[in-house]
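The values are calculated or read from the model by the stated rules, or taken from the named source; none is laboratory data. It should be emphasised that the depicted structure is a prediction, and the values quoted were computed from it without experimental measurement. Glycine gets a Cβ as well: all are built from the backbone with ideal geometry, and neighbour counts include every protein chain shown. When the accessible area is computed, the model is the full protein with side chains, heavy atoms only, and any ligands, DNA or RNA have been set aside. Shrake-Rupley method; radii C 1.70, N 1.55, O 1.52, S 1.80 Å.
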Amino acid sequence: MYNFKEIEKKWQQYWNDHQTFAAKNNSEKEKYYLLVEFPYPSGSGLHVGHARSYTALDTVARQKRMEGYNVLFPMGWDAFGAPAEQYAIKNHIHPKDAVRENIKTFKQQIEELGISFDWNREFSTTDPEYYKWTQWQFLKFYEHGMAYKAKKNINWCPKCKTGLSNEDSAGGVCERCGTKVVQKEKEQWMLRMSDYAEDLLQGLNNTNFSKRVKLGQINWIGKSEGAEIDFEIENTDKKLKVYTTRPDTIFGATFMVIAPEHPILETLKDKITNLDEIKKYQEYAKTKTEFERTELAKDKTGVKVEGFNAINPFTGKSIQVWISDYVMMTYGTGAIMAVPAHDDRDYEFAQKFNIPIIPVIEGDSLPYIKEGKYINSEFLNGITNKEEAIQKMLEEITKRKIGNKKTNYRLQDWIFSRQRFWGEPIPLIYCEKCGWVPVPEKDLPVLLPDVANYEPTEDGESPLAGIEDWVNTTCPHCGGKAKRETDTMPNWAGSSWYFLRYMDPHNDQDFVSKEALDYWGKVDWYDGGMEHTARHLLYARFWNQFLYNIGLVPNKEPIDIRTSHGMILGPDGEKMSKSKGNVINPNDVVEEYGADALRLYEMFIGDYEKDAAWSINSLKGCKRFLDRVWNAGKKLNDRQGYSNEPLVHKTIKKVTNDIKSMKFNTAISALMILINDYDDKESITKDDLRVLIHLLNPFAPHITEEINEKYNLGNPLCESMWPTYDDTKTIDNTYELVFQVNGKVRGKETVNTNISKEEMESLAQQNVNVQKFIEGKTIIKVITIPGKLVNIVVK
RNA sequence: GCACAUGUGGCGAAAUUGGUAGACGCGGCAGACUCAAAAUCUGCAGAAGAGUGAUCUUCGUAUGGGUUCAAGUCCCUUCAUGUGCACCA
C-alpha cells in the first residue's frame, strides 16, 4: 500500500536539504520561541515520554510556522552530572567519550521521529564553548557578591560522595542513587538565592504558568510573615531571639525550644549544669538526617537546659529552655517560644515533659487554632479577631523595643559546589596572599583535564584535587603560587541559562549577542516534565533575574507559558522500568508502525497533563486512520471547493484552536470525523483532501507531504499557509431541535437553522409525544433557546 | 496533617463552558469477503424494562443535599484517588 519507511526518510531528507526549520535571527517576521527540556543523553536511550513532549511542541511549532511566524524550536544536551559520570566509570571510558556516543544515539532516535528542531543550534552543556560562558556567568555572580564560600552542614551522599542541595536530597535520600543522606560539615560555594525570594515570588505574576506550576514555585519559596521577639535570659545580659507567626499568643508561651546546634549553648556553656546530657543529645540529633527527624515527627524528644531560664517578656515569668530537634537551626532564628495550648507540636512536647499549658484563646482546642476571644492576655483580652490581636501585639513589641515584624522564607541559598569530576570547574583560584581570585576572562574556559582517573575520593574531595598538574597554578593577581578550586558546579548550572544560548549558540565573543536577546526576548512556551516544575524552573528564573538585574538580559522573567506533560506508563499502568520489563522503545514503534503513527498516537492518548498507560491497540487505531487518509486519495473527482463546507470550516476552526490549547486529542478526533464523512462519499475534491492533510500535517508530517505530492495538490505543506476558516460558513442549514417538558427530552425534529422562535414553539406543541406530557396540565412558561431547544414548563 | 487537582460505559476519553451525557478511538458482538485465518468493509452497542416493529418509559456522570425551567458543569457535605509541601514555629 505505502512504504512509510521510505516516505519518512524522504521527507526528513527534504527538510534537511531545504533547511525548512532553520530559525533566522534577523527576520521581519514575528518570532515565536518554543522550548522543550533538553535531555540527559543517558545510555538507555530515548523514552516514549520524551517523544510525547517533543511531538506536542513540534505540532505547535509546525502550525506556527505555517501561520507565518519565525519559530525557534531548538534542541541540545544536558550532559554534565552524575549519571553521565557514573556511566563512564562503570564502562571505563572518559565521560566525554561516553557523552559523545550517547548523544549520537539520542540524536538519531529523535531524528527518526521527524521533530522539526533547528539542529543548527545544537550544543551540549559539556562543550567547552558552552561551559566557558557558564563559568563566565558564575564569575558575574561572584563579582556582584552573589557567590560566597561558607562552612555548611550539608546533605552528603555517602555513595556518590558528594554534597547535595536541599532540593537534591528531598525526602532525605539522594535523588540520584536513593542512598540515605547524612550531614557533613564542608566548605561550599553558595549562591545567594534567598535574596531573590521575594522577587521570585512576585515575578510569578508576570508569567502565564499554570496554576499548579505557580503553586509549586510558591511552596518552594515558602513565604511566612510573623515577628522576631527577644526573650531575656535570667541573670545574664544575653537574649534569645525567636521567630513566630503568632505573636498574639505570647501570653501562653510557657517554655522555649531551641535547635540542638543553637550557638547560645556554646555562649552560656559555663552556666549549664547538664552539659554532658546536652552534648549527648546533640550527637544524637546530628546522626539523624533531616528526613529521619521528620519521620519521627510523632515522637518528641528533647533535653531541658539546666542552669538558666528565660523570661517571658509579657508575663514576666521565668520559663524553661529546652533543646529539641523539632526546631530547625536553618529556619527562622533556630529558637521558638512554645505555646502548648495553641500549637500541636508544642502541645505534644509539653504533654510528654509535663510543662504547664495556659490557653489564651477561649474555646480553642487543638489541633487547630480557631478564632476566639482572647483571655489571660492583659491588653489583648476581649479581642475576638486574630488579625487585630496580631496587629496590636506587633505595635506593643515595637514600642517596647523587644522585637520587630519579620518575613521569613523557606528558600535557602543554593549550594553550588559538587565534589565531582564531570561538571563545570568553578573558575576561581586560591592564593595564600590574595585569597580567592577569579580566573581572568581571557583564560576561560577552565577546561577539565584529560585524565584516566576521575573516581570520587574517599575523603570527599573532588577527584580534581588529586590532579596536581591541574590544581597547581599561578595567581592571576600577584603571580605567586596558587591552587585552583577543585569543586565543580551542579548540573543544574548549565540548564539554568541554556534557553538564552539557543538564541545565538555559536557566539564566541559573548554569551548571547544583544541583538539576539532583543529579537527573541523570552521563551514563549516551555514544556517539560512535572518533576522539573519546581526546582529547575526556580533555578532558571533566579539565574535570569540576576542577569536582568546586572543588565545582561532584557526580561526579568525568562519564560511566559510553562506546561508539564504527564508520564507515559507501561501497558500495565506502572511506571516504565527495565526491572519491570514494561519499557516501550519509541524507535521499535517507529520501525513497525512508522513515526507518523507513533506521533499521532501519543497526541491522541488523552489529556496532555495527565499520565497515560501505553496501549498498542490504540496505536494500531491511529495507524488505521492514517491508512484511511492515504486511501482517500484514490477517489478524487474533478470538482472544486469543499463537498461539505460547514464540516470543513468547523474542522479547521477546531483543529486550529485545539492545537493552541494543547487539546491534541480532540483535534485529532475532529480529523477522524472528517475522514468518516469523506468515506461516506462516492468521491471527494482535491480541496477536500488538501485541507484534511494540511490540518493533519503538524501531527503526521511525513505521510501528509507524500499524499500532497502524489496527487499534485499544491506546494509542500511545510511551505504553505495554514488553512483559514470563515465563522459564517461553520453553520449548518439544519439542526436537530429538542423538545423538552419540564427539562426532560420528549421529542426531536430536524428544522431549518433560521426558523423563528414562534415556529419553534408551535412545533414543540404539535409534537405527539410532547402532547402526551402536557395534556391536562397548565403551561407555566416556555423557554426557547434558538439553535438548541424548547422547554415547556407545566404543572 | 496542610494545599491543589481529579472522579463520566468494559477501556482511553468528549461535552459549544448551565441547554440532547457518552463525540472520536480501543476492545466487544453480528454480518460481508475468504477453503480458512489475518487484513479490510458494513451494522449494533450506558443499564433495566415494554412492544412483532419504527419506537417508548425509567434509571444513570464517586456520595448525600441545594440553587435553576434545565446541573457532568454552579454551591455545600462525605468518600476515594493522584500530586506537591511537610515538626517551617
Scanning the range A:368-387 residue by residue, those under 41 Å from the mean Cα position of the chain (by Cα) and more than 18 Å from A:Val339 (Cβ to Cβ) turn out to be A:Asn385
Of the listed residues (A:Glu277, A:Glu306, A:Glu290, A:Glu232), the one being modelled with pLDDT under 90 and either within 10 Å of RNA strand B (Cβ to nearest atom) or not β-branched (Val, Ile, Thr) (or both) is A:Glu290
Per the list (1) at pLDDT 90 or above; (2) within 11 Å of RNA strand B (Cβ to nearest atom); (3) of a type outside the set (A, V, I, L, M, F, W, C), residue check on A:Asp343 breaks on (1)
Which residues, counting only those in the range A:246-290, are under 26 Å from A:Lys386 (Cβ atoms), part of a helix (DSSP H, G or I) and out of contact with any Phe, Trp or Tyr (no Cβ under 7 Å at 6 or more places or on another chain)?
A:Pro247, A:Asp248, A:Thr249, A:Gly252
Confirm whether A:Ala79 is under 29 Å from A:Asp97 (Cα atoms), in contact with a helix residue (DSSP H, G or I) (Cβ under 6 Å, 6 or more places away or on another chain), outside any helix (DSSP H, G or I) and modelled with pLDDT of 95 or more.
no
Can you find even one residue in the range A:721-734 that is more than 9 Å from RNA strand B (Cβ to nearest atom), open to solvent by 60 Å² or more (accessible area, probe 1.4 Å), closer than 24 Å to A:Ala670 by Cα and touching a strand residue (DSSP E or B) at 6+ places or on another chain (Cβ under 6 Å)?
yes
Determine whether A:Ile467 is of a type in the set (A, V, I, L, M), more than 30 Å from A:Lys238 (Cβ to Cβ) and modelled with pLDDT under 90.
yes
Can you run down the residue pairs with Cβ atoms below 9 Å, 6 or more apart or on separate chains, where the first is in the range A:602-631 and assigned to a loop (DSSP other than H, G, I, E, B) and the partner is of a type in the set (Lys, Arg) and more than 8 Å from RNA strand B (Cβ to nearest atom)?
A:Ile605/A:Arg52; A:Tyr608/A:Arg52; A:Asp611/A:Lys575
Out of the residues in the range A:323-339 that are open to solvent by less than 20 Å² (accessible area, probe 1.4 Å) and modelled with pLDDT of 90 or more, state the one that is nearest to RNA strand B (Cβ to nearest atom).
A:Val327
Count - residues of the range A:502-535 that are in a helix (DSSP H, G or I), among the hydrophobic types (A, V, I, L, M, F, W, C) and modelled with pLDDT of 95 or more
3
How do the pairs read when you match residues in the range A:695-712 that are buried (at least 22 other Cβ atoms within 10 Å of the Cβ) with residues anywhere that are among the acidic types (Asp, Glu), using Cβ under 7 Å and keeping only pairs 6 or more apart or on different chains?
A:Ala700/A:Asp596; A:His702/A:Glu8; A:His702/A:Asp596; A:Ile703/A:Asp596
Selected residue [open to solvent by 10 Å² or more (accessible area, probe 1.4 Å), at pLDDT 95 or above and within 14 Å of RNA strand B (Cβ to nearest atom)] from A:Lys660, A:Lys635, A:Lys653, A:Lys610:
A:Lys653
What is the number of the single condition among (1) closer than 29 Å to A:Cys157 by Cβ; (2) open to solvent by less than 50 Å² (accessible area, probe 1.4 Å); (3) out of contact with any helix residue (DSSP H, G or I) (no Cβ under 8 Å at 6 or more places or on another chain); (4) modelled with pLDDT of 90 or more that A:Ser462 does not meet?
(4)
